[in-house]
Each structure stands twice: as C-alpha cells, then as structure tokens.
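Asker: Quick one: the structure is below, questions incoming.
Readers should treat all values here as calculations from the given coordinates under stated rules, not as data from a laboratory. Remember, it's a predicted structure, so these values are computed and weren't measured experimentally. Cβ atoms come from the backbone with ideal geometry, glycine included; neighbour counts cover every protein chain shown.
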Amino acid sequence: MNLKSEKGITLIDITISIIIIAMFLAIIAVLFYSIRVTATDIDRKKKATEIAISTIEDLKTVDFDDLESKEEYYNKENSTDTSYYIQIIVTDYADMQGNSDKERGVVKEVVVKVSYKSQNQDKSVEISIIRTKEN
C-alpha cells in the first residue's frame with residue numbers, strides 16, 4: 001500500500017517558480033528604466049531644438065548689420081534652467097574658406113548651437129541659416 005500521494009507542490013517547484021517570476025520582473029524593470037532614460041533624452045533634445053529654433057527666429061528680426069556672435073546660458077522669463085548653453089556664430093560669407101574674393105557685408109551665415117548634457121554625455125543641436133543684406 002502506497003501512503004504517499006503524488007499530488008501537491010514540492011519545495012523545488014515553488015523555488016523554480018519564484019526564480020522564473022524574479023527573472024521576469026527584472027527584465028520588466030530594466031525595460032521600464034530604459035524607456036524612462038530614452039524618454040528623458042528625447043525631451044532634452046526636443047527642448048534644445050525648441051531653443052535653437054526660437055533663437056533663429058529671434059535673430060531673423062535683428063538688423064543685418066547688428067548680427068554678432070555671442071555665447072550665453074539659456075535663461076528665459078522666470079526660468080531657472082541654465083542647463084542649456086547657446087552659441088551664436090555669425091560668419092561673413094567672405095570669411096569662409098574659398099570666398100576671400102567675395103564682397104564683405106552682403107551675406108552672413110548664422111549658426112545657433114545649443115549644447116546640453118544628457119546621460120553624462122555632452123550633446124548639441126545645431127541649426128544654421130543664411131542671411132542676406134536687403135537693399
């Protein structure tokens with residue numbers, strides 16, 4: 001006569017189940033962390049792009065002769081966020097390589113570079129336009 005029943009769960013079955021569930025939860029946690037880091041990186045790049053576009057639009061209203069290079073931390077109304085650094089580089093077309101024979105003060109290249117840190121890496125967004133002197 002067999003007194004032991006083979007029905008039920010053993011300690012080994014429970015241990016294996018807990019290990020499988022723990023591995024599944026670890027994979028899910030890593031996935032969520034990766035998604036959060038990527039979303040943060042995308043938000044930082046989006047903000048830098050918005051700053052660059054806004055700066056370019058502001059520079060379009062500046063008189064051609066008043067365009068000048070400068071560097072500054074981003075600081076708009078009521079913003080304490082100084083984690084974006086803006087470089088505005090204005091180059092006369094005649095100063096560009098291969099254009100020394102061209103007339104000065106007619107065409108300028110305006111480059112706006114917004115630098116920021118994301119995931120302990122230096123990153124930047126750069127937008128450029130060409131401005132011409134209107135007669």
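Asker: Scan segment 89-103 and give yes if some residue there is hydrophobic (A, V, I, L, M, F, W, C) and in contact with a Leu (Cβ under 7 Å, 6 or more places away or on another chain), otherwise no.
Answerer: Scanning segment 89-103 turns up at least one residue that is hydrophobic (A, V, I, L, M, F, W, C) and in contact with a Leu (Cβ under 7 Å, 6 or more places away or on another chain).
Asker: Looking only at segment 91-118, which residues are assigned to a strand (DSSP E or B) and of a type in the set (D, E, K, R)?
Answerer: Hits for segment 91-118 are Asp92, Lys108, Glu109, Lys113, Lys117.
Asker: Confirm whether Ile86 is in a strand (DSSP E or B) and in contact with an Asp or Glu (Cβ under 8 Å, 6 or more places away or on another chain).
Answerer: In short, yes.
Asker: Output the residues belonging to segment 85-135 that are surrounded by fewer than 12 Cβ atoms within 10 Å (Cβ to Cβ) and acidic (Asp, Glu).
Answerer: Those that are surrounded by fewer than 12 Cβ atoms within 10 Å (Cβ to Cβ) and acidic (Asp, Glu): Asp101, Glu103, Asp122, Glu134.
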